[in-house]
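The values are calculated or read from the model by the stated rules, or taken from the named source; none is laboratory data. In this text, all values refer to a predicted model and were calculated from it rather than measured experimentally. Please note: Cβ atoms are built from the backbone with ideal geometry, for glycine as well, and neighbour counts cover all protein chains shown. Keep in mind that these areas ignore ligands, DNA and RNA; they rest on the heavy atoms of the full protein, side chains included. Shrake-Rupley method; radii C 1.70, N 1.55, O 1.52, S 1.80 Å.
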Amino acid sequence: MTQPLVSIIIPVYNAAEYMSRCLDSCRNQTYKSIEIIIVDDGSKDNSAEIYRMYSQKDKRFIVLTQENKGVSEARNNGIIHAKGEYITFADSDDWLAPDAISEYVERAQEDKTDLVIAGFLRVINDVLIPMGDIKEDLLITREHFAERMANAPADFYYGVVWNKLYRTEIIKKHHIFFSPRFKWCEDFLFNLEYLQFITNEYCISTIKRPLYFYVKRLGSVCESPMSYAKTLSMKYELLGYYRNLYKSINLYNDNKLKINTFLFAYAHDGGVIEYNKIKAKMNAERKEAERAEKWSKTKSLFAAPKVLKKELIKPVGKRKSIKGTKAEPKQTRRKDDVTGTTKKR
């Protein structure tokens with residue numbers, strides 16, 4: 001298998017606290033033909049000190065800086081400078097499996113596909129939760145993919161860009177970029193536009209195995225508060241792009257009801273729900289173990305002694321009377337000076 005160059009685009013903003021884990025995961029990829037494009041979106045912490053240290057030691061790290069314009073403009077800057085045959089994305093607080101790029105490229109080349117999509121792991125505290133809507137290794141058509149997406153349009157599996165591998169030629173030929181107007185769901189809009197321009201019959205590969213570790217931090221862009229009216233307005237505009245995709249592949253009429261429910265669908269990764277289930281199960285198991293331990297200690301307080309004195313367990317009639325018995329003469333022992341053994345006198 002040839003090793004085409006893959007561009008990994010990482011937008012960075014005030015990421016000094018956790019960025020090293022992400023950069024290490026990129027640097028240590030088993031697939032070596034990569035360029036790691038770091039786009040600093042006007043960080044005010046010491047992020048620059050960290051990523052410059054990586055770029056000085058490894059020439060595959062490329063650093064771009066810009067004024068604070070948001071994640072969409074940062075990714076667009078990375079796309080413009082990308083030289084790879086393929087592009088993938090990562091967020092600075094997440095990380096990749098060691099063989100993620102190798103798996104992506106292998107499937108893209110073997111299947112001759114334009115989009116590869118993999119499962120991911122939702123990271124909450126110390127719990128890793130496997131996520132992914134299509135839980136099989138498949139080679140599918142765009143129509144098949146769109147029909148599956150219609151059942152769960154707000155699922156992160158379809159909406160995000162960091163669990164996918166794209167062909168750079170398609171992105172640049174059709175000028176597919178992230179819209180700075182969208183402060184939310186900009187990933188999904190990018191994917192909808194990209195899907196319109198992949199036209200081979202079997203053009204999408206799916207990987208069951210999770211290849212990306214997704215961490216959702218408090219205070220991240222995804223958790224920024226937004227008014228209900230603004231959210232609805234943005235979703236209504238996004239719905240137009242969503243409809244256009246299905247119209248372009250003649251699936252709109254058959255899926256009209258499902259497609260229009262996107263307006264009220266809640267964007268989610270399902271991880272929090274699974275995490276709560278896991279934690280509830282763990283708490284129940286812990287409480288059960290504590291109850292079992294407490295009961296074991298309680299039983300031990302009432303248990304009969306395991307060893308009783310021999311004299312006490314003899315039948316009453318056969319016990320020797322202690323009073324009036326004749327004491328036996330004591331035997332003395334001496335040590336033989338020659339042999340060193342003991343003898344009775």
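Expressed in nm to one decimal, what extension gain is obtained for the pair Lys59 and Asp99 from 0.36 nm per residue of sequence separation less their Cα-Cα distance?
12.4 nm
May I ask you to derive the FRET efficiency for Thr141 and Asn260 from their Cβ-Cβ distance with R0 = 30 Å, giving the value to the nearest 0.05?
The pair Thr141/Asn260 has a calculated efficiency of 0.85.
Could you give the distance between the Cα centres of the range 109-160 and the range 24-86, to the whole Å?
25
Could you state how much accessible area Asp111 has, in square angstrom rounded to the nearest 10, with a 1.4 Å probe and all protein chains kept in place?
The accessible area of Asp111 comes to roughly 40 Å².
Using all Cα-Cα distances in the range 1-131, what percent lands in each 10 angstrom bin from 0 up to the longest?
Over the range 1-131, the share of Cα pairs per 10 Å bin runs 12, 43, 34, 10, 0 percent.
Between Lys112 and Thr231, what FRET efficiency follows from the Cβ-Cβ distance if R0 is 30 Å, with the result rounded to 0.05?
The computed FRET efficiency comes out at 0.15.
Just to confirm, what accessible area per residue do you get for the range 101-172 at 1.4 Å probe, in whole Å²?
35
Can you compute the modelled spin-label distance between Lys208 and Lys69, with each label point 7 Å from Cα toward Cβ, in nm?
Between Lys208 and Lys69, the simple spin-label model gives 4.3 nm.
For the range 1-154, with all protein chains present and a 1.4 Å probe, just round the carbon and sulfur fraction of the accessible area to a whole percent.
In the range 1-154, the share of accessible area belonging to carbon and sulfur is 48 percent.
Suppose R0 equals 45 Å. What FRET efficiency, 1/(1 + (r/R0)^6) with r the Cβ-Cβ distance, do Lys247 and Lys297 give to the nearest 0.05?
FRET efficiency, Lys247 to Lys297: 0.05.
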